[in-house]
1. Taking the inverse of the average 1/r across all pairs of different Cα atoms in the stretch 90-180, what Kirkwood radius in Å do you get?
2. Among all helices in the chain defined by DSSP H, which have a length of 24 Å or more along the axis from Cα atoms plus a Kyte-Doolittle mean of at least -0.5?
3. Using the crude model of +1 on Lys and Arg Cβ and -1 on Asp and Glu Cβ, and no other charge, please compute the dipole size for the stretch 123-197 relative to its Cα centre, in debye to 20.
4. Running a GNM on the chain with Cα contacts under 10 Å, which residue among TYR31, TYR77, TYR127 ends up with the highest mean-square fluctuation?
5. Cut-off 10 angstrom, C-alpha nodes, Gaussian network model of the chain. Which of GLY58, GLY140, GLY76 fluctuates the most?
6. Would you kindly state the longest site-free stretch of the chain, with sites defined as GluC sites (Glu not before Pro) in a DSSP loop (not H, G, I, E, B) surrounded by at most 15 other Cβ atoms within 10 Å?
7. In deg cm²/dmol and to the nearest 500, what is the mean residue ellipticity at 222 nm of the chain if only DSSP H runs of at least 4 residues count, each as -39500 (n - 2.57), divided by the residue total?
8. What is the stretch 142-205 by shape, rounded, prolate or oblate, if you read a ≥ b ≥ c off the alpha carbon gyration tensor as root eigenvalues and call it rounded for a/c under 1.5, prolate for a/b larger than b/c, and oblate otherwise?
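Here, each number is a calculation from the coordinates, and none is a lab measurement. No experiment lies behind these values; they were computed from the predicted model shown. Every residue, glycine as well, gets a Cβ built from its backbone with ideal geometry; the counts of neighbours run over all protein chains shown.
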Amino acid sequence: MRAMRALLPLLLALPWLTACQPEGGDVLSGYETPDPLVLRTPEAPIPVPDVTLAGTAGEVNTAELFEGHWTLFYVGYSYCPDVCPTELGQLSQILPALQERMPSIDWQVVFLSVDPERDSPAHLEKYTAFFSEEFVPLTGTREAIDAVTSPVKAGYRIEPHEEGEIGYNVDHDTSFRLIDPDGRMLVLLPGPHDAVRIVDVLEDFMSEVKQ
């Protein structure tokens, strides 16, 4: 799998980090990250649209999914041979560390598969449970997936293939994104990821930003 590694430096410099300024930008005003190589913020929160995705127990509304939680959001696919297992392994370390360091916050990890052709909710449940039974696996229609990934610039490209073929690759963004309980992306955590450092910078971020 070529998980857009060559595109990541360009992705990190994209103007969306400063151009999107919806209402509610005050939450990020004045915050300066201690390590921009690990954590970056847009000038204002980026809302994730309210759409319906497919979860292990049926339909999942994104507004309800994020409500009450601080979410680490990651896109990929279960047939990914290398990058997704590595990143999900990092998230399996990050989640319990965040829960221990900041127990008053309700943390969750959401894994959105951009490959619904092969990744059914039942299959994703088994796949993500290998890393953590606490992970929330989702997929959906192409329209629903794009509605979520497009605003936060979690890009992907599916290799052209014949219907029914299962051996194709998917190039995809490898960053983690922090989404607040109001369904707004506040933080980009670009790869390569260091679980210990991510927990440190997120603790710093939450201490300054969370009201």
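1. Computed over Cα pairs of the stretch 90-180, the Kirkwood hydrodynamic radius comes out at 14.7 Å.
2. Correct list, ordered by number: 83-101.
3. It works out to roughly 340 debye.
4. It is TYR31.
5. Among GLY58, GLY140, GLY76, the largest GNM mean-square fluctuation belongs to GLY58.
6. Between the exposed loop sites, the longest stretch runs 68-132.
7. -9000 deg cm²/dmol
8. Oblate, because a/c is 1.5 or more while a/b does not exceed b/c.
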